[in-house]
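*Asks:* Right, I'll just put the structure down here and ask away after.
Just so it is clear, none of the values below were taken in a lab; they were calculated from the coordinates. Predicted model, so just to flag it, every value in this text is computed and none were measured. Neighbour counts run over all protein chains shown; Cβ positions are idealised from the backbone, glycine included.
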Amino acid sequence: MVGESSARTTGYAALAMTVVLWSSFALTSRGIGTSSLTDADAALIRFVVPLVLLAPLVPRTVRALARERTTTVLLLLAGGLPHYLVMAFGAGLTNAGLTGLLVPGTVPLFVTLLLLRRQRVPARAVAALATIVAGVVASATLVGTDGGTTGIVLLVGAGAIWACYTLGLQRTGLAPLEIVVAVCALSALGGLVLTLSGLLPSHLLSSPGTVRVGDVLTFAVLQGIGTGLLSTLCYAHAVRALGSSVAAVGGALSPVLTALAAVPLFGETIGGGLGVALALVVTGVHVFNRTPPVPRTTRAAWPTARGPRPGPAALMRAAEVRL
């Protein structure tokens, strides 16, 4: 009994740390514009740091990648550099509250849409998704930002890209850390190509003297180590200790924490519009993740190395592995 109580205590601690780390990812992404780094610089730091720390796993990952389908690898890579840049561009045009809300909040919607032809969706999940859509509409119409709807469209697009990555997770036979290594390695390579070719500006590579050391350390710790490694390990422990439902529902608190933290950090306000959007999206995500799994259809959508295909809610719980 004591052991079980201790496990639940560490599980809640791990879940709390996960929520904080997810919020820090949204907050630091919003803060790129006020730092001495460009979006490309932040992306390089984000993916190079975990890659260096997990360098011993590179040979094993290369061998494992050789057994993967090309389409699966492409789906996984969507969650790397493409997702990061689209989210960073959107964050620069909106605010931290919307960044922390719209990206994770819209993923259940897009995952369900991608599986719609192959997976029945229960009425409760449909109602939850409708609530999420209402929250997105509220954010677009009630929340005023300098970037207008452009930033909101980019953040919603980042959610769609993460949904593609989520489906890649279900298809792959890679272990979680192998996924991190593969995505970080190819994303870092893609970032270098884009910066060295001049397609994306980089202060780190072109004028390193203008980059503040504190900014590099902040992004290395919070995004490279915190989001790239610690959040993955903490969330995995929370799921084992508390169960996937409790962990997923607890994760829905991340947008709220992000919006609250943005008030002192960026001088943002939680107006009525953002409050309505937060309430709708968080409620929708909560109900969606509490929806019982849907019986799978007799025809599989694709071969998988991991056995029976889970329903949308189960996929969403697996998708909470941050790269």
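*Asks:* Applying 1/(1 + (r/R0)^6) with R0 = 22 Å to the Cβ-Cβ distance of ARG212 and PHE266, what FRET efficiency is obtained, to the nearest 0.05?
*Replies:* Numbers: r = 18 Å, r/R0 = 0.81.
Approximately 0.80, to the nearest 0.05.
*Asks:* Something else: Fewest first, what order do VAL62, VAL20, VAL49 take by the number of other Cβ atoms within 10 Å? If you can, show how the numbers build up before the last one.
*Replies:* Numbers: VAL62 13, VAL20 19, VAL49 23.
Exposure proxy ranking, most exposed first: VAL62, VAL20, VAL49.
*Asks:* Let me ask another. Could you tell me the distance between the Cα centroids of the range 66-118 and the range 1-56, to the nearest Å?
*Replies:* Centre-to-centre (Cα) distance: 17 Å.
*Asks:* Using a ≥ b ≥ c from the Cα gyration tensor of the range 2-318 (square roots of the eigenvalues), is it rounded, prolate or oblate, where a/c under 1.5 gives rounded and otherwise the larger of a/b and b/c decides, a/b for prolate?
*Replies:* Values: a/c = 1.43, a/b = 1.12, b/c = 1.28.
Since a/c stays below 1.5, the shape of the range 2-318 is classed as rounded.
*Asks:* THR70 to VAL193: extension gain in nm, 0.36 nm per residue of separation minus the Cα-Cα distance?
*Replies:* 42.2 nm
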